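The structure appears right after this line, and notes come after that.
The values are calculated or read from the model by the stated rules, or taken from the named source; none is laboratory data. Since this is a predicted model, take the numbers as computed values, not measurements. FYI the Cβ positions are ideal-geometry reconstructions off the backbone, even for glycines, and counts take in every protein chain you see.
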Amino acid sequence: MKKLKLNTGPRYMLLLLFLLILSSATRSQGKDKITLVNDHIRLTDVFSIIKKQSGYTVFYNNEILNDKETVRANFKGADLDQVMNQVLSGKELSWVKQNQFIIIKKKEPAKQDKNIAILPSGIISQQLTISGTIVDETNQTLPGVSVKVKNTATGAMSNSDGKYTITAAPNAVLVFLLSDISVRRLRLAARKQLM
């Protein structure tokens with residue numbers, strides 16, 4: 001019986017390392033490719049297929065997106081970006097990838113040059129620009145927290161670093177909402193810095 005002799009010299013180790021890297025790169029190339037052909041499919045089903053084919057979990061709020069709405073999907077090996085842009089086209093929504101998540105949110109309103117608002121009665125009101133970082137009890141930043149001005153349509157969402165910027169009247173109340181579970185309200189009282 002012959003013994004099998006393994007050569008573990010440096011050239012063979014480099015070859016093995018190269019093959020492992022090549023194998024890993026080839027597997028990840030198709031990760032963000034989506035194949036889906038359906039003339040009448042609910043958005044919730046589209047997001048489930050995206051999860052299965054790409055590993056990305058899609059997060060959204062039902063108040064801004066009706067996931068029961070149906071769309072036409074004709075994607076064969078399409079980029080994930082193309083699929084998301086297509087299924088959200090015509091909606092005032094944007095989306096971002098964060099780690100293994102896709103977060104759908106309202107499009108940011110166009111930035112105004114002035115911090116002055118004209119009220120319906122013709123009275124001019126000074127606006128404050130409030131910026132901050134949202135953290136939890138352990139000082140970890142919280143991305144995806146919704147920040148709204150109470151009783152208005154004005155809102156923002158914290159970015160991947162937990163930072164947000166919003167414009168509001170000096171005595172407005174900001175409402176912080178994390179996943180429809182935890183709500184916190186803070187009265188501005190003309191402050192630019194909270195807590």
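Every residue in region 125-174 that is part of a strand (DSSP E or B), of a type in the set (V, I, T) and farther than 18 Å from L93 by Cβ, please. Selection gives T129, I130, T133, V135, T141, V149, T165, I166, T167, V173.
Among helices (runs of 4 or more DSSP H) entirely within region 1-93, having at least 2 residues that are modelled with pLDDT of 90 or more and closer than 20 Å to K106 by Cβ singles out 43-54, 80-87. The requirement of being more than 15 Å from the chain's Cα centre (by Cα) and buried (at least 17 other Cβ atoms within 10 Å of the Cβ) is fulfilled somewhere in region 51-67, by at least one residue.
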